[in-house]
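These notes are about the structure you will find just below.
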Amino acid sequence: MNKPVKILSVAVPVPLSRLFDYRLDENSEELDCNPGQRVWVSFGNRKLVGVIVEINEQSDLELSKIKSVLQLLDPELSIPESLMRLCTWAASYYHYPIGEVFSAAIPALLRSEKPVPIPQITRIALTTEGEQTDPGTITRSPKQQQLLEYLQQNQRCNLSAIQQLSLAGSPLQSLIKKGLAEKLQVDEKFESEDLDTALLAESNLALNSEQQVALDTITQQLDQYRCYLLEGVTGSGKTEVYLQAMEKVLQNGQQVLVLIPEIGLTPQTMSRFQNRFNCPQTVLHSGRTEKQRLRGWQQALSGHAKIVIGTRSAIFTPFANLGLIIIDEEHDASLKQQEGFRYSARDLAITRAHQQKIPVILGSATPCLESLYNADQNRYTKLELTQRAGEASKPVFRVVDLRGRPLDGGMSQPLVQLIRQHIEQNNQVLIFLNRRGFAPVLMCHECGWISECRNCDTRMTLHHSPYYLHCHHCDHKRSVEKQCPECKTKELNPVGLGTERAEQVLQELFPDTPVMRVDRDSTRRKNTFEKMLAEIQTGEPCILIGTQMLAKGHHFPHVTLAAILDADSALYSSDFRGMEKMGQLLTQVAGRAGREKKQGEVAIQTHEPNHPLLHLLFQEGYPSFARELLKERRLTGFPPNGYIALIHAQSTFREKAEELLQTLSDVLPTDPATEVLGPIPSAMERRAGRYRFQLLLRSDSRQTLHTTLNQCLQFFESHKIDRNVRWQLDVDPVELF
């Protein structure tokens, strides 16, 4: 009797928000398949890798019209049910094609039909002769004797363990040549754990009373979903709470996912975790090769990797037994994907924890207003660390009034004198300036011509090393003009200040002190940032000048002065989150100073020394500052007191992008519960040669907003859109301009 035909509902990576049915014929030799398994299918005139979402015995389509699956792929790499649920939920919430969500969730090497080999590890085993040989008979080589003794005590150990003992070179090769040992290649997923190895490689640090309360609260309910907002001032020891909570989870045989906002934080975070735990750990971020990312994905799926550390995309890592999720710097905008599938890794982490009934920790010295609001509504459990750990004390704030003062490379004389005092005391100084390059503008002194990008409505940034003009928005680069294109004069001058220029000025002012610039340009080469961090950790006096890369989560024990050159740029932002981001950034920068025994000091240069919110931030701290901003949000109805979404349209023809959104706005049903604002040009109307417009939707009800978004999607599906126009939907945007 023939087996029934199986109908597979497959998520195919195409821009359509639906599943597609394929058949697995009764005469197929591969009838065993599961949801989450990858399949090779024909779609139009293309062949694509899809993911099985459902398996049925019938379809709404006639069987003769349903295409057959070309091939079932790697059942051992099936996406687990927990991750399937997360991807399905994300596709629904962010109104993004489900096939493209699954495609984004798997490593690039799994988007091909080529079979993926199971990663193997090298193990060292004794031969029968090696087991019977007395190590004492090897008298001429103490290292060979040591290795033989180790192998007899540790049967079939990993090559990595021998490498850590510095015995993997000549001693190992000699034992192999003598026939006493051999190398074995073993599938990694079958690797057994060394139960005799202690979990902790180093002792836990002593906790203060606030840390202990936070840890006890978290670890008392590890078997159920709870979202903990760990709000701790910079240097309060949040990481130590993470580590000791992780210890409890790892002791239960479960895995931990740690999300961090920036790749630059990975080496430092990984180092702390490796120093603390004797267990397999892996890192996942865009700086890894495709093979490394696939290997980490497989290690987590098999249960081999106990700790996974990664940036936002790591939220889609499959786990055999996930027990805890930690999001460090939960307020950071880098946790929101800004192109294509625009998801929030923080929000998906909370959803995943809820679905899998496990705890999630959101850690920050400056929580976002949404998290503070949710804590106020008792949706999150708030845990506070108000004191710096150890003997560190809070830094002293000093506001430098720039009005009427001459500046040398953006630095006032009081600030220069303050830097000199700290350097003379053999301390380190951190200077924050959130602008790369030498100068943001190149201007003609005679006629006022400005070097503008040919593709964007913005100015080209001047760089000195090497000497060129660079648009940081579309990445267009060109050589510097030798004369003004308008009046032909050669009087072209840099205007404004970037990190390169500040570095140059600091080197001139402090010729005997090393000056290190930390930004994307200076750290492009592999391991450059790690080398800088290692040099900083030596404690030798130096001056650090850099962008946000310096402000996020780094521990600089020898920095006693943190200076902010320009605190005014965010005071008058047109974005409703502008003040929130400013407060977070200034607080994070200030937190780099005085993290050990020495007193820290923070200097803020501003033309607005009497700004009420600046005073509130520096005198009462971020919590009071955030409370004031929450009051403003209640009046405007913006998040967290309302829900918003942005619809973007762009085209090489200005009128076509605007026309699409205007037509959408006109056809949407009038609903007093949903505000439709626009269309208006984006803050940078032309970028990379394309004109950009946006439509803002706001509602007091999340459900009402999503109902309106469904109507928008129906419009896009039914409306004939010019091929030159692209549109995107951004649910819960972190910035409006």
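The values are calculated or read from the model by the stated rules, or taken from the named source; none is laboratory data. These numbers come from a predicted model, not from an experiment. Neighbour counts run over all protein chains shown; Cβ positions are idealised from the backbone, glycine included.
Would you check if there is a residue in the range 589-599 being in a helix (DSSP H, G or I), within 16 Å of Ala562 (Cα to Cα), in contact (Cβ under 8 Å) with a residue 12 or more places away in the chain and under 27 Å from the mean Cα position of the chain (by Cα)?
Yes - at least one qualifying residue is present in the range 589-599.
Select from the range 286-300 the residues that are among the small types (Gly, Ala, Ser) and not in a loop (DSSP other than H, G, I, E, B) and list them in ascending order.
Gly296, Ala300 - these are the residues of the range 286-300 that are among the small types (Gly, Ala, Ser) and not in a loop (DSSP other than H, G, I, E, B).
Tell me which residues, restricted to the range 330-346, are under 9 Å from the mean Cα position of the chain (by Cα), over 18 Å from Ala645 (Cβ atoms) and charged (D, E, K, R).
Asp332 - this is the single residue of the range 330-346 that is under 9 Å from the mean Cα position of the chain (by Cα), over 18 Å from Ala645 (Cβ atoms) and charged (D, E, K, R).
One line per residue, one yes/no per condition, for (1) surrounded by 14 or more Cβ atoms within 10 Å (Cβ to Cβ); (2) modelled with pLDDT of 85 or more:
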{"site": "Glu29", "(1), (2)": "no, no"}
{"site": "Phe43", "(1), (2)": "yes, yes"}
{"site": "Arg46", "(1), (2)": "no, yes"}
{"site": "Ser59", "(1), (2)": "yes, no"}
{"site": "Ser64", "(1), (2)": "no, no"}
{"site": "Val69", "(1), (2)": "yes, yes"}
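Give the residues of the range 5-27 that are modelled with pLDDT of 90 or more and of a type in the set (Val, Ile, Thr), sorted by residue number.
Val10, Val12, Val14
Does the range 349-362 contain at least one residue that is within 30 Å of Glu76 (Cβ to Cβ), at pLDDT 95 or above and in contact with a Pro (Cβ under 8 Å, 6 or more places away or on another chain)?
yes
Tell me whether the range 245-259 contains one or more residues that are in contact (Cβ under 8 Å) with a residue 12 or more places away in the chain, of a type in the set (Asp, Glu) and in contact with a strand residue (DSSP E or B) (Cβ under 9 Å, 6 or more places away or on another chain).
Yes, that holds for at least one residue.
Condition first: farther than 22 Å from Phe576 by Cβ and either out of contact with any helix residue (DSSP H, G or I) (no Cβ under 8 Å at 6 or more places or on another chain) or among the charged types (D, E, K, R) (or both). Now tell me which residues in the range 338-378 satisfy that.
Once the filter is applied, which keeps residues that are farther than 22 Å from Phe576 by Cβ and either out of contact with any helix residue (DSSP H, G or I) (no Cβ under 8 Å at 6 or more places or on another chain) or among the charged types (D, E, K, R) (or both), the range 338-378 yields Ile350, Arg352, Ala353, His354, Lys357, Ile358, Asn378.
Of all the strands (runs of 3 or more DSSP E) wholly in the range 653-737, which have at least 2 residues that are more than 28 Å from the chain's Cα centre (by Cα)?
Result: 674-687, 690-699.
Give Phe438, Phe397 a once-over and let me know the one that is aromatic (Phe, Trp, Tyr), surrounded by 21 or more Cβ atoms within 10 Å (Cβ to Cβ) and touching a residue at least 12 places away in the same chain (Cβ under 8 Å).
After ruling out the rest, the residue left standing is Phe438.
List the number of the failed condition for Val39; all other conditions in (1) crowded, with 20+ Cβ neighbours inside 10 Å; (2) touching a residue at least 60 places away in the same chain (Cβ under 8 Å) hold.
The one condition Val39 does not meet is (2).
Take the residues of the range 207-221 that are of a type outside the set (S, T, N, Q) and buried (at least 17 other Cβ atoms within 10 Å of the Cβ): which is farthest from Glu370 (Cα to Cα)?
Taking the candidates together, the pick is Leu207.
Give just the number: which of (1) farther than 30 Å from Leu372 by Cα; (2) in contact with a strand residue (DSSP E or B) (Cβ under 6 Å, 6 or more places away or on another chain) does Ser302 not satisfy?
All conditions pass for Ser302, except number (2).
Taking only pairs six or more apart or across chains, which ones have beta-carbon atoms under 6 Å, a first residue in the range 299-324 that is at positive phi, and a second residue that is not in a strand (DSSP E or B)?
From residues that are at positive phi, the pairs are Gly303/Ala320.
Mind listing whichever residues of the range 300-326 are among the polar types (S, T, N, Q) and either crowded, with 23+ Cβ neighbours inside 10 Å or assigned by TED's automatic domain parsing to the domain that holds Ala104 (or both)?
Thr317
Across the range 90-120, what is the total count of residues that are among the hydrophobic types (A, V, I, L, M, F, W, C) and surrounded by fewer than 16 Cβ atoms within 10 Å (Cβ to Cβ)?
So the answer is 3.
What's the total number of residues in the range 616-652 that are part of a helix (DSSP H, G or I) and exposed (fewer than 14 other Cβ atoms within 10 Å of the Cβ)?
Going through the range 616-652 one residue at a time, the tally reaches 7.
Go through the range 157-203 and count every residue that is in a loop (DSSP other than H, G, I, E, B), surrounded by 12 or more Cβ atoms within 10 Å (Cβ to Cβ) and at pLDDT 80 or above.
Of the residues in that region, 5 qualify.
Within the range 495-502, is there a residue that is over 25 Å from Pro681 (Cβ atoms), touching a residue at least 24 places away in the same chain (Cβ under 8 Å), β-branched (Val, Ile, Thr) and crowded, with 20+ Cβ neighbours inside 10 Å?
There is at least one residue in the range 495-502 that is over 25 Å from Pro681 (Cβ atoms), touching a residue at least 24 places away in the same chain (Cβ under 8 Å), β-branched (Val, Ile, Thr) and crowded, with 20+ Cβ neighbours inside 10 Å.
Here is a check on your reading of the model: is Ile263 of a type in the set (Val, Ile, Thr), crowded, with 23+ Cβ neighbours inside 10 Å and under 21 Å from Leu348 (Cα atoms)?
Values: of a type in the set (Val, Ile, Thr): yes; crowded, with 23+ Cβ neighbours inside 10 Å: no; under 21 Å from Leu348 (Cα atoms): yes.
Here the answer is no, as Ile263 does not meet what is asked.
Every residue in the range 476-509 that is part of a loop (DSSP other than H, G, I, E, B) and within 16 Å of Phe438 (Cα to Cα), please.
Ser479, Val480, Glu481, Gly496, Leu497, Gly498, listed by residue number.
Here are some residues: Thr560, Thr674. Which one is in contact with a Lys or Arg (Cβ under 9 Å, 6 or more places away or on another chain) and not assigned by TED's automatic domain parsing to the domain that holds Gly409?
Thr674
Considering each of Arg342, Arg288 in turn, give the residue that is assigned by TED's automatic domain parsing to the domain that holds Pro261, at negative phi and surrounded by fewer than 19 Cβ atoms within 10 Å (Cβ to Cβ).
Arg288 is the lone residue from the list that is assigned by TED's automatic domain parsing to the domain that holds Pro261, at negative phi and surrounded by fewer than 19 Cβ atoms within 10 Å (Cβ to Cβ).
Condition first: among the basic types (Lys, Arg) and touching a residue at least 24 places away in the same chain (Cβ under 8 Å). Now tell me which residues in the range 266-298 satisfy that.
Arg272, Arg276, Lys291, Arg293, Arg295
Residue check, Gly36 against (1) of a type outside the set (A, V, I, L, M, F, W, C); (2) assigned to a loop (DSSP other than H, G, I, E, B); (3) in contact with a Gly (Cβ under 7 Å, 6 or more places away or on another chain), all met but one. Which one?
Against the list (1) of a type outside the set (A, V, I, L, M, F, W, C); (2) assigned to a loop (DSSP other than H, G, I, E, B); (3) in contact with a Gly (Cβ under 7 Å, 6 or more places away or on another chain), Gly36 comes up short only on (3).
Every residue in the range 461-490 that is of a type outside the set (Val, Ile, Thr), surrounded by fewer than 16 Cβ atoms within 10 Å (Cβ to Cβ) and more than 23 Å from Met684 (Cβ to Cβ), please.
Ser465, Pro466, Tyr467, Ser479, Lys482, Gln483, Glu486, Cys487, Lys488, Lys490
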